[in-house]
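Student: Take a look at this one; I'll ask things after.
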Amino acid sequence: MLEKNLHRLLRRQIKNANFEKEDLKKFKEFFNVVNDAYNSFDDDVKHIEIILEQSSHEQFKLNQALRSTVIDVRNDLETIVNTIEGVIFKTDMEGNYKYLNKAWEDLTGIPVQKALNHKYRDFLFGKNEAEKKRIRRFLKEGKDDYSTLFKYIRPNGEKVWIQLKLELIQDSEGKNIGTIGTMIDVTQLKETEIQLNQANKTKDAFLSTMSHEIRTPLNAVIGMSDILLMEKFLPEQLENLQVLKYSSEHLLALINDLLDLNKFKSEEIKLVEEDFNITELVQNIQLHFKQTAQKKELVFETIVDSELPSILRGDSLKLSQVLKNLLSNAFKFTHEGGVAFYIKLIENNQDNCVVRFTVEDTGIGVSYNKQKDIFKSFVQANNDTSKLYGGSGLGLYISKELLKIQGSELHLQSQIGNGSTFWFDVPFKHSGEKTISKKNLMANTDAIDLKVLVAEDNNLNVLLLKKLLTKWSVDFTITNDGQELLDVYENNDFDLILMDLQMPVLDGYQTTREIRNLTDESKASIPIIALTAFTQSEVNEKIERFKMNGYLSKPFDVNQLHSLLSFYSKENQEVV
């Protein structure tokens with residue numbers, strides 16, 4: 001009979017094996033060992049169950065805590081996202097909104113629930129097909145992040161400017177599954193940009209008007225100096241007349257750069273390289289400052305390197321302006337001693353050479369702390385400089401910018417009370433010419449067989465043109481506006497029309513259109529030259545559009561005007 005204290009599993013196994021009583025007694029110790037093993041196993045199982053139950057309870061508590069933390073973080077993130085002013089959104093690859101923060105409704109005026117699971121292209125771009133194609137291409141190719149700026153009209157009719165940025169998001173296998181992006185209201189910035197652009201246009205219009213108004217009387221100064229040089233004068237007056245002409249032309253160059261100062265920032269001013277005689281340039285500069293040196297009782301010394309080639313290729317006008325700015329400052333701030341002007345060849349090879357220009361004075365000097373600042377626009381050495389010496393503070397800034405265009409840089413060495421030394425190195429190309437005739441300051445006086453009709457409303461310019469055309473024996477008629485010109489032209493034949501662009505009643509463009517539309521083909525095709533104080537870049541497009549034949553700037557070069565008239569003269573046309 002089996003003992004009752006044996007393990008249930010052992011008793012079942014003994015019973016199933018049909019052991020006899022003798023066997024039970026015989027293997028009693030073995031059965032006891034097995035019984036102990038079963039009991040020990042049960043104890044281990046119970047211990048494990050207790051441990052598992054404890055672990056399960058702890059895991060449940062941890063899961064509860066983690067879930068609470070996740071909910072807290074989600075709520076915090078939702079709060080943060082919804083307090084951000086910009087829109088944050090998520091879409092699938094079809095462009096359907098899957099998430100939108102509350103800023104969406106503030107920006108677009110459309111409820112979030114109405115927008116979810118709808119394509120944002122339909123909400124934002126409306127009929128802007130170009131932008132729709134662009135964003136479809138982004139979703140298809142996904143090469144670069146997408147960014148755009150567009151105008152959006154809210155349901156209430158209010159217009160806003162929105163900046164949209166998109167990035168693709170991918171799954172663990174790198175497959176594109178949607179986008180995440182932002183939208184920001186940039187209306188204020190865009191409106192500020194529009195206002196700035198409008199202000200720039202207003203500024204450009206002002207500069208253009210000022211350019212015209214200043215050049216018009218300057219035209220008379222330059223033109224009258226040419227006429228004086230054409231007439232009889234005493235030998236000792238020649239130098240004075242040459243200084244008058246040269247100075248007025250230099251003043252024109254300064255005015256052009258001053259009025260077009262904004263072009264430096266937009267890099268519209270370009271290098272114009274031509275052959276020029278550097279010896280002649282230096283002589284003109286000497287002549288320009290000769291009387292200034294004598295008036296202030298200063299020594300003016302010019303030393304030119306004997307190895308310097310006489311003919312070089314470069315932008316002589318910009319070079320001349322820089323040198324005059326530096327020398328003008330040197331004389332302005334020097335009260336005793338003098339000014340020295342050095343031109344030295346520092347590098348020379350087969351194709352190019354480098355020339356160093358140095359202006360040295362014994363003037364008031366510039367403090368070390370101010371030496372960088374004085375190269376900025378409208379900045380002078382100290383607050384009293386403008387009161388004591390005048391000037392706008394643009395000379396060195398313009399010089400620096402002009403040199404930058406020529407691949408050079410302006411240097412300064414100075415001490416208070418010990419004068420200043422400015423220098424710069426300019427690369428020039430060698431010219432193929434061996435000599436260049438000295439610029440003729442004397443105007444051409446040859447007669448011109450030509451009948452000219454002029455439209456000009458400025459009395460000074462009319463007086464100048466009358467004197468010049470009379471000197472050249474030109475048959476001319478002058479009218480005050482476009483309508484008067486049309487009335488005269490209707491019953492008279494001419495070889496050429498000089499057309500001012502800005503006139504009362506009918507301006508030069510409208511007048512030209514009327515002429516080109518005449519039924520008489522010979523009258524409609526008459527050469528028309530725009531005569532204006534505007535720069536060519538300002539009017540070139542309209543001159544071509546209105547089918548004018550050329551452009552002559554005021555103040556005009558007298559010899560250039562003579563050449564132009566000679567080109568259209570009857571004698572020249574017969575030869576052609």
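The values are calculated or read from the model by the stated rules, or taken from the named source; none is laboratory data. Not measured: the values here are computed from a predicted model. Cβ: placed from backbone, ideal geometry, glycine included. Neighbour counts: every protein chain shown.
Student: For the list (1) at pLDDT below 75; (2) over 34 Å from the mean Cα position of the chain (by Cα), I need the number of the one condition that Gly419 fails.
Tutor: (1)
Student: Moving on to the next point. Of the conditions (1) surrounded by 14 or more Cβ atoms within 10 Å (Cβ to Cβ); (2) touching a residue at least 12 places away in the same chain (Cβ under 8 Å); (3) not in a strand (DSSP E or B), Gly417 fails just one. Which one is it?
Tutor: Answer for Gly417: the failing condition is (1).
Student: Moving on to the next point. Report yes if some residue within the stretch 127-146 is in a strand (DSSP E or B) and either modelled with pLDDT of 85 or more or in the same structural domain as Thr91 (by TED's automatic domain parsing) (or both); otherwise report no. Even if it seems obvious, please write down each step before you answer.
Tutor: To start, the set of residues in the stretch 127-146 that are in a strand (DSSP E or B) comprises 146.
Those left that are additionally either modelled with pLDDT of 85 or more or in the same structural domain as Thr91 (by TED's automatic domain parsing) (or both): 146.
Yes, that holds for at least one residue.
Student: Six or more apart or on different chains, Cβ atoms under 8 Å: show the pairs whose first residue is in the stretch 391-410 and under 16 Å from Phe428 (Cβ atoms) and whose second is exposed (fewer than 15 other Cβ atoms within 10 Å of the Cβ) and at pLDDT 85 or above.
Tutor: Within 8 Å, the pairs are Leu403/Glu409; Gln406/Pro427; Gly407/Pro427; Ser408/Pro427.
Student: Tally the residues that are closer than 16 Å to His411 by Cα and in contact with a Phe, Trp or Tyr (Cβ under 6 Å, 6 or more places away or on another chain), restricting the search to the stretch 344-354.
Tutor: Number satisfying all stated conditions: 0.
Student: Give, as residue ranges, the strands (runs of 3 or more DSSP E) completely inside the stretch 486-576 that count at least 1 residues that are over 38 Å from the mean Cα position of the chain (by Cα), in contact (Cβ under 8 Å) with a residue 40 or more places away in the chain and surrounded by 14 or more Cβ atoms within 10 Å (Cβ to Cβ).
Tutor: Per the criteria, 496-500.
Student: Among (1) assigned to a loop (DSSP other than H, G, I, E, B); (2) buried (at least 16 other Cβ atoms within 10 Å of the Cβ), which single condition is Asn461 missing?
Tutor: Asn461 satisfies all of (1) assigned to a loop (DSSP other than H, G, I, E, B); (2) buried (at least 16 other Cβ atoms within 10 Å of the Cβ) except (1).
Student: Further question: Select from the stretch 65-100 the residues that are surrounded by 13 or more Cβ atoms within 10 Å (Cβ to Cβ) and touching an Asp or Glu at 6+ places or on another chain (Cβ under 8 Å) and write down the one among them that is modelled with the highest pLDDT.
Tutor: Lys98
Student: Counting residues that are at pLDDT 75 or above and over 36 Å from the mean Cα position of the chain (by Cα), which helices (runs of 4 or more DSSP H) fully inside the stretch 209-323 reach at least 3? Walk me through it before giving the result.
Tutor: Details: elements: 238-259, 262-266, 278-296.
Passing ranges, in order: 278-296.
Student: So, in the stretch 464-482, exactly how many residues are surrounded by fewer than 18 Cβ atoms within 10 Å (Cβ to Cβ) and within 16 Å of Ile528 (Cβ to Cβ)?
Tutor: 1
Student: Which of the residues spanning the stretch 300-336 are more than 24 Å from Tyr397 (Cα to Cα), without any contact (Cβ under 8 Å) to a residue 60 or more places away in the chain and among the aliphatic types (A, V, I, L, M)? Steps first, please.
Tutor: First, pick out the residues of the stretch 300-336 that are more than 24 Å from Tyr397 (Cα to Cα): 300-313, 336.
Filter once more, so that each one left must be without any contact (Cβ under 8 Å) to a residue 60 or more places away in the chain: 300-308, 336.
Residues satisfying the conditions are Ile303, Val304, Leu308.
Student: Another question about this same structure. I'm trying to understand the selection: among the residues of the stretch 536-560, which are aliphatic (A, V, I, L, M) and in contact with a helix residue (DSSP H, G or I) (Cβ under 7 Å, 6 or more places away or on another chain)?
Tutor: Residues of the stretch 536-560 aliphatic (A, V, I, L, M): 539, 543, 548, 552, 558.
Within the stretch 536-560, Met548, Leu552, Val558 qualify.
Student: Applying the selection to the stretch 512-570, what residues are modelled with pLDDT of 85 or more and of a type in the set (Ser, Thr, Tyr)? Steps first, answer last, please.
Tutor: Narrowing the stretch 512-570 to residues modelled with pLDDT of 85 or more: 512-531, 541-552, 561-569.
Result: Thr512, Thr519, Ser522, Ser525, Tyr551, Ser563, Ser566, Tyr568, Ser569.
Student: Looking at the stretch 161-208 only, could you name the residues that are of a type in the set (A, V, I, L, M) and either assigned to a strand (DSSP E or B) or surrounded by 14 or more Cβ atoms within 10 Å (Cβ to Cβ) (or both)?
Tutor: The initial filter retains those residues of the stretch 161-208 that are of a type in the set (A, V, I, L, M), namely 162, 164, 166, 168-169, 177, 180, 183-184, 186, 189, 194, 196, 199, 205, 207.
Matches in the stretch 161-208: Ile162, Leu164, Leu166, Leu168, Ile169, Ile177, Ile180, Met183, Ile184, Val186, Leu207.
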